[in-house]
1. Given Val104, Val5, Gly24, which one lies farthest toward the positive end of the charge dipole of the chain, if we put +1 on the Cβ of every Lys and Arg and -1 on the Cβ of every Asp and Glu?
2. Mind listing the long-range amide H neighbours of Ser55? Cut-off is under 5 Å, sequence gap 5 or more, other chains count too, H placed in the peptide plane at 1.01 Å from N.
3. Note down the net charge around Ala126, summing +1 for each Lys or Arg and -1 for each Asp or Glu among other residues with Cβ under 12 Å from its Cβ.
4. Using the Kyte-Doolittle scale, find the helices of the chain whose mean hydropathy is at least -0.5 and whose Cα atoms extend 24 Å or more along the helix's long axis, counting only whole DSSP H runs.
5. Go ahead and estimate [θ] at 222 nm for the chain from helices alone: -39,500 (n - 2.57) per DSSP H run with n ≥ 4, summed, over the residue count, rounded to 500.
6. What does the charge count around Ala152 come to, taking other residues whose C-beta lies under 14 Å from its C-beta (Lys +1, Arg +1, Asp -1, Glu -1)?
7. Nearest 5 is fine: what % of DSSP beta bridges in the stretch 31-178 come out antiparallel, could you say?
8. Quick one: give the max-minus-min coordinate of the C-alpha atoms of the stretch 4-173 along each principal axis, largest first, in Å.
Amino acid sequence: MSRKVLVAYASKMGSTAEIAAAIGAELRAAGHDVTVRDAAEIRSITSYDAVVLGSAIYARRWRPDAVRFLRRHVEELRERHVWLFHSGPVGPDKDEAQTMPPKVARLAEKIGTSPATTFAGRLEPATAKGWLARRLARGDMAADSRDWDKIAAWADEIAIAMSATEIADQHPDDEEAY
Ligand SMILES: Cc1cc2nc3c(=O)[nH]c(=O)nc-3n(C[C@H](O)[C@H](O)[C@H](O)COP(=O)(O)O)c2cc1C
């Protein structure tokens, strides 16, 4: 069964938006009805069965639009399948899993979802926005470290998890039957 899935993102320099688009494409290829949209533009999530939310990380924090999204929709998110990711580390630190900022961790716990998966990010002169980003993008850290295979594999796991819950939803009495 096709599920209605929202892939929402909060991105400053565009790379997290592109990760969200890749996740959306993978879920679409698995047969789901997917909307990929900036978290700041979402007014309601009631029409979605599942939500994927991703934020870029700056100074160990999530983008304000992603945190606002979690806060605003916390009650509806508790009733849906939710997956979180964040994107940040580049260059030599690209494989370092990042911890969620405390207030995001508290919201994730309230929603009952797993901690965010970390994807490596991008910091390059051509896309850097702001004085500090442009400066850092000229240094050792500068790279597009995004791992598209890892991103696609994670989206595939979500598709598999959604099929598993679909079977459970269709046969809710199976556990009692045995
Ligand atoms: C000023 C600045 C601070 C950053 N702070 C972090 C950080 O704390 N942790 C991290 O993993 N990445 C950090 N990054 C890297 C960004 O998260 C990375 O470039 C990311 O891919 C940007 O996503 P976006 O293009 O969607 O905005 C920082 C980048 C800049 C420019």
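1. Final value for the positive-end residue is Val104.
2. Amide H neighbours of Ser55, under 5 Å, 5+ apart: Ala10, Phe85, His86, Ser87.
3. On the way: positive: Arg122, Lys129, Arg134, Arg138; negative: Glu124, Asp144.
My count for the surroundings of Ala126 gives +2.
4. On the way: long enough: 148-170 (33 Å, 0.19).
Helices meeting the criterion: 148-170.
5. On the way: 7 runs with 72 residues, N = 178.
Helix-only estimate at 222 nm: -12000 deg cm²/dmol.
6. Net charge in that neighbourhood comes out at -3.
7. Details: 4 of 14 bridges.
That works out to approximately 30 percent antiparallel.
8. 58, 30, 26
A short reminder: the numbers here are calculations on the coordinates, not readings from a lab. Since the structure is predicted, the reported quantities are computational estimates derived from the model, not experimental observations. Positions of Cβ are generated from backbone atoms using ideal geometry, with glycine treated the same way; all protein chains shown enter the neighbour counts.
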